[in-house]
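In what follows, a structure is listed as structure tokens, so that the remarks can point back to it.
The values are calculated or read from the model by the stated rules, or taken from the named source; none is laboratory data. Bear in mind the structure is a predicted one, so any value in this text is a computation, not a measurement. Every residue, glycine as well, gets a Cβ built from its backbone with ideal geometry; the counts of neighbours run over all protein chains shown. Ligands, DNA and RNA are stripped out before the accessible areas are found, and what is left, the full protein with its side chains, is counted by its heavy atoms. Shrake-Rupley method; radii C 1.70, N 1.55, O 1.52, S 1.80 Å.
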Amino acid sequence: AYSNGGPLEVDPDLPTTLTQALIRTSKVHPDKGVMFIDVEGNEDFMPYAELLENAKHMLAGFQALGMKPADRVMLQVDNLRDHFTCFWGAVLNGMVPVTVAVAPTYQDTNAVVTKLYNTWELLDHPPVVTSTHLVDALEGLESVIGMKDIRVLDVESLKHPTASEDIYDAKPEDRVFFQLTSGSTGVPKCIQETHRGIIAHAHGSAQFNKYTHEDSTLNWLAADHVVPILTCHLKDVFLGMNEYQVKTQYVLSDPLNWLRLMAKYRVTTTWSPNFGFKLISESLVGQDELDLDLSCVRHWMNAGEQ
């Protein structure tokens, strides 16, 4: 089968790298940004201008440790605000981050710990950035699974008091991040996502779906999946859209929270693997009435529509 959506329409005046895109969006759309929603439903809005500024402090932290362009770094950060700030700090330094899900426990060799180990080996032992409360557990993996001399960096210690303006001059062909395959059959493979490829995806999504900066996206799946970072966050940064990044457990604890948030914020685009739609269907059984206006939502994606 062959499918062709027609020629890609690209405005030559728009950024050709995501670094340029974040800088541009922070200026052109100062009111747009990311709303983080934690497991308790607490809301924390960070404009893209603030994300850029915070990432510059993280950039300074990486540079103070001698980290340089093309270096690899693994992210094990369970706070969404810190995760995205750290991701951008790495990108601004020309580094290549890769996100692995936070394990339910690091005391034994479960599937997530095994994936973490295999990725660490595959990428030649890069440092691992993590939340403060996970530092000791990750350092303990040396004895649990043989991650000898694992270098664990506390995300809080990377937040340098002074922002760095020494931003790497990225090229369209440079890698932005590694996206892991599931690794269910062994060592995960790393898909190399470039500035050019991601921006082409953003252009294509906007062209096909008629997205503008007035649209918004809601994601509640974990950040190690490709959709939260590529199909949602990076596309939203490029297009200057508001986005809502929700901790997975907030929706799993009550799937109707997904619908409530969309109605509250007039979200226009959301997504889920098929099981998420099943959760909604099951939650609606027995509901006499659900007083939510979801007319705002014009695009529901499943995991196959990337």
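At a glance:
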{"item": "Cross-chain or 6+ apart pairs with Cβ under 8 Å, the range 241-257 first and exposed (fewer than 15 other Cβ atoms within 10 Å of the Cβ), then among the hydroxyl-bearing types (Ser, Thr, Tyr) and part of a helix (DSSP H, G or I)", "result": "254/283"}
{"item": "Enumeration of residues in the range 58-85 that are part of a helix (DSSP H, G or I), touching a Gly at 6+ places or on another chain (Cβ under 9 Å) and either among the basic types (Lys, Arg) or within 23 Å of residue 244 (Cα to Cα) (or both)", "result": "58"}
{"item": "Answer residue from the range 39-81, given it is hydrophobic (A, V, I, L, M, F, W, C) and open to solvent by 50 Å² or more (accessible area, probe 1.4 Å) and is nearest to residue 221 (Cα to Cα) among those", "result": "39"}
{"item": "Subset of the range 170-182 that is more than 19 Å from the chain's Cα centre (by Cα) and touching a residue at least 40 places away in the same chain (Cβ under 8 Å) - its residue that is surrounded by the most Cβ atoms within 10 Å (Cβ to Cβ)", "result": "170"}
{"item": "Hits in the range 264-306 - residues which are closer than 17 Å to residue 241 by Cα and part of a helix (DSSP H, G or I)", "result": "264, 265"}
{"item": "Residue in the range 221-233 that is in contact with a Pro (Cβ under 6 Å, 6 or more places away or on another chain) and open to solvent by less than 20 Å² (accessible area, probe 1.4 Å) present", "result": "no"}
{"item": "Pairs with Cβ under 8 Å, 6+ apart, first in the range 122-143 and more than 17 Å from residue 82 (Cα to Cα) and without any contact (Cβ under 8 Å) to a residue 40 or more places away in the chain, second open to solvent by less than 90 Å² (accessible area, probe 1.4 Å) and outside any loop (DSSP other than H, G, I, E, B)", "result": "139/152; 141/113; 141/116; 141/117"}
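For (1) modelled with pLDDT under 95; (2) in contact with a strand residue (DSSP E or B) (Cβ under 7 Å, 6 or more places away or on another chain); (3) over 26 Å from residue 74 (Cα atoms), each residue gets a yes or a no:
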position	(1), (2), (3)
187	yes, no, no
235	no, no, no
238	no, no, no
263	no, no, yes
283	yes, no, yes
